[in-house]
Amino acid sequence: MKNKTLRQFVGTLSVTLAGILWGCIGIFIRNFSVTMDSMQIVTSRALLTTVLLFFILLIFKRDLLKIKLRDIWCFIGTGVCSIIFFNYCYFRCMNMTSLSVAAVLLYTAPAIVMIISAIVFKEKITVQKISALLLAMLGCVLVSGIVGTKPLISKEGIFVGLGAGLGYALYSIFSRAALNRGYKSLTIIFYTFLIALIGLIPLTDWKGLSTEMFASGNDFLYFLLFAIVSTVLPYIFYTYGLTILSPSKASIMASIEPVAATIVGFIFFNERPSAVAFFSIGCILFSIILLAINKEKK
């Protein structure tokens with residue numbers, strides 16, 4: 001029982017750390033968006049993550065570079081259906097609606113994960129999960145600032161935003177499928193971003209990206225830090241968490257991301273959170289605590 005409780009704690013901590021690190025991405029994006037477009041930023045993450053993990057695995061865990069050709073669909077799922085599709089829909093949604101609406105539509109992902117997991121993995125939908133899901137979604141809605149404003153909404157924007165939520169959700173689903181086939185977290189992440197990088201080749205302004213990335217040694221180190229903090233570490237934590245927690249639990253727990261983003265905005269950009277934001281943070285944190293209480297099997 002103690003080992004099971006400890007394992008659940010480690011899984012919860014891993015996914016929560018992933019969400020916190022994803023929430024720190026704004027520190028980098030604020031600087032990059034001045035001179036780079038969204039696709040260049042996505043490609044820089046994929047490129048550096050792929051190269052970094054390749055050399056790490058080549059030197060320390062070469063056997064983790066091996067995959068079976070019949071399982072390539074898992075990595076196409078995480079790389080193309082999730083990483084590329086999610087980013088394309090999310091950035092397009094930002095241009096079609098307000099940022100707050102885009103953020104809320106993105107966080108339909110936990111509900112999508114719960115439904116797909118019930119169908120594909122026969123995962124139980126419990127009162128505990130539904131309660132935590134509703135709390136997390138309420139927190140995301142409130143922290144987005146959509147309440148009390150007149151956000152820009154269109155039918156096309158909603159459709160594309162739901163596509164972003166689906167793409168975001170599919171990483172949990174396809175990663176779980178790969179884990180069930182015996183692949184390790186680092187293998188999944190490497191092939192996810194390798195395949196994503198291949199798919200991004202025709203969509204990226206490579207000349208502009210290389211100019212920004214290699215402008216100076218400090219610039220390259222900043223890009224490298226961006227890849228490590230916003231991609232390598234959080235995806236390692238999240239994918240490892242999926243070896244312990246169910247996809248639906250992990251997806252809800254990752255909703256800590258907007259909480260972290262709010263804190264980052266306050267610390268680094270002097271964005272003072274409102275009373276509603278504090279309440280939303282409480283909702284999201286309580287949803288994680290609720291899920292951490294192990295009432296049922298994963």
Out of 38, 172, 216, a Gaussian network model of the chain with alpha-carbon springs under 10 Å gives the largest mean-square fluctuation to 216
The Cα extents of segment 1-124 along the principal axes, largest first and rounded to whole Å, are 48, 40, 31
Of all chymotrypsin sites (Phe, Trp or Tyr not before Pro) in segment 152-220, the ones in DSSP coil with at most 13 other Cβ atoms within 10 Å are 214
Result for segment 37-122: accessible area per residue, probe 1.4 angstrom, in square angstrom, of 48
Here FRET efficiency (C-beta to C-beta, residue 268 to residue 6, R₀ 25 Å, nearest 0.05) is 0.15
Carbon plus sulfur, as percent of the 1.4 Å-probe accessible area of segment 46-194, comes to 72
Restricting to Cα pairs under 8 Å and 6 or more apart, the percent relative contact order of the chain works out to 41
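Given 129/155; 66/122; 61/184, which pairs have Cα atoms separated by over 19 Å?
Details: 129/155 29 Å; 66/122 29 Å; 61/184 11 Å.
Distance filter (> 19 Å) returns 129/155; 66/122.
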Quick calc of log₁₀ I(q)/I(0), the chain, Debye, one scatterer on every Cα, no solvent, q values 0.11, 0.15 1/Å, result -0.64, -1.25
A correct Kirkwood calculation over the Cα atoms of segment 199-281 returns a hydrodynamic radius in Å of 15.9
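To the nearest 20 Debye, how big is the dipole of the chain about its Cα centre, given +1 on the beta carbon of each Lys and Arg and -1 on that of each Asp and Glu? Provide the component values of the computation, followed by the final result.
Working: 25 positive and 11 negative charges, 250 e Å.
So the dipole magnitude of the chain works out to roughly 1200 debye.
Please compute, over every Cα-Cα pair in segment 36-88, the percentage with a separation greater than 14 angstrom. Don't skip to the end; give the middle numbers.
On the way: 899 of 1378 pairs.
Tail fraction, whole percent: 65.
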Along segment 111-125, Karplus-curve 3J(HN,Hα) (6.51, -1.76, 1.60; θ = phi - 60°) to the nearest Hz, with x for Gly and Pro, reads 5, 5, 4, 4, 5, 5, 5, 5, 7, 7, 9, 6, 6, 6, 9
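Assuming 0.36 nm per residue, please report the length gained on full extension of the stretch residue 233 to residue 69 beyond their Cα-Cα distance. Present the calculation step by step, with values, prior to reporting the outcome.
Values: separation 164, 0.36 × 164 = 59.04 nm, distance 2.65 nm.
Gain in length upon complete extension: 56.4 nm.
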In debye to the nearest 20, the charge dipole size for segment 16-112, taken about the Cα centre with +1 at each Lys and Arg Cβ and -1 at each Asp and Glu Cβ, equals 260
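Of the trypsin sites (Lys or Arg not before Pro) in segment 85-145, which ones lie in a loop per DSSP and count no more than 12 other C-beta atoms within 10 Å? List each step's numbers first, then the result.
Values: sites: 92, 122, 124, 129; in loops: 122, 124.
Filter output for segment 85-145: 122.
Can you tell me the accessible area per residue over segment 149-298, all protein chains present, probe 1.4 angstrom, in square angstrom? Walk me through the intermediate numbers first.
Numbers: 6980 Å² over 150 residues.
For segment 149-298, the solvent-accessible area averages 47 Å² per residue.
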For the pair residue 214 and residue 122, the simple spin-label estimate (label points 7 Å beyond Cα toward Cβ) gives in nm 5.3
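The values are calculated or read from the model by the stated rules, or taken from the named source; none is laboratory data. In this text the structure is predicted, and so the values were computed from the model without any measurement. FYI the Cβ positions are ideal-geometry reconstructions off the backbone, even for glycines, and counts take in every protein chain you see. Remember, those area values only see protein heavy atoms, side chains included, never the ligands or the DNA or RNA. Shrake-Rupley method; radii C 1.70, N 1.55, O 1.52, S 1.80 Å.
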